[in-house]
1. At 1.4 Å probe radius, can you tell me the per residue accessible area of the chain in Å²?
2. Hey, can you rank 11-21, 90-100 by average C-beta count inside 10 Å, highest first?
3. Summing -39500 (n - 2.57) over the DSSP H runs of n ≥ 4 in the chain and dividing by its residue number, what mean residue ellipticity at 222 nm do you reach, to the nearest 500 deg cm²/dmol?
4. Using θ = phi - 60° and the Karplus form 6.51 cos²θ - 1.76 cosθ + 1.60, what ³J(HN,Hα) does each residue of the stretch 44-58 get, whole Hz, x for Gly and Pro?
5. For the chain, with only Lys/Arg (+1) and Asp/Glu (-1) charged at the beta-carbon, what is the dipole magnitude about the Cα centre, in debye rounded to 20?
6. Between Val66 and Ile89, what is 0.36 nm times their sequence separation minus the Cα-Cα distance? Round to one decimal in nm.
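The values are calculated or read from the model by the stated rules, or taken from the named source; none is laboratory data. Note that the structure is a prediction, hence the values are computed from the model and not measured. Here the Cβ positions follow ideal geometry from the backbone for every residue, glycine too, while neighbour counts run over all protein chains shown. Please note that ligands, DNA and RNA were not included when accessible areas were found on the heavy atoms of the full protein model with its side chains. Shrake-Rupley method; radii C 1.70, N 1.55, O 1.52, S 1.80 Å.
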Amino acid sequence: MKLIFAIVQDQDAGNVIDALTEKNFRVTKLSTSGGFLKAGNTTLMMGVEEKDMDELFDVLEENCSVREEATSMVSMPYPLNVRIGGATIFILEVSEYNRY
């Protein structure tokens, strides 16, 4: 069993959660702020059997791909393309868990 923390962009979170639950993954959306996490990110927590890891990563990749978006800044006379999206994933080994 693995414990997965996935940090995804807020605008991707809803689609990711829907896609994960559709594939019968259990996912918990955590309330996070400050420090390592920037504004606009959502942290998802999942317990996953090792045999299901590839399917989980496929869902994350399909719903959190990196993309470019045009943004404008007050000091810039033209739009600037920035990369957004993607996911940062932390994988922890779980030695034991209980479900009641």
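1. Per residue, the chain has an accessible area of 71 Å².
2. 11-21, 90-100
3. Estimated from H runs of four or more residues: -7500 deg cm²/dmol.
4. The phi angles translate into 10, 10, 9, x, 9, 5, 4, 5, 9, 4, 4, 5, 4, 5, 4 Hz.
5. 400 debye
6. 6.9 nm
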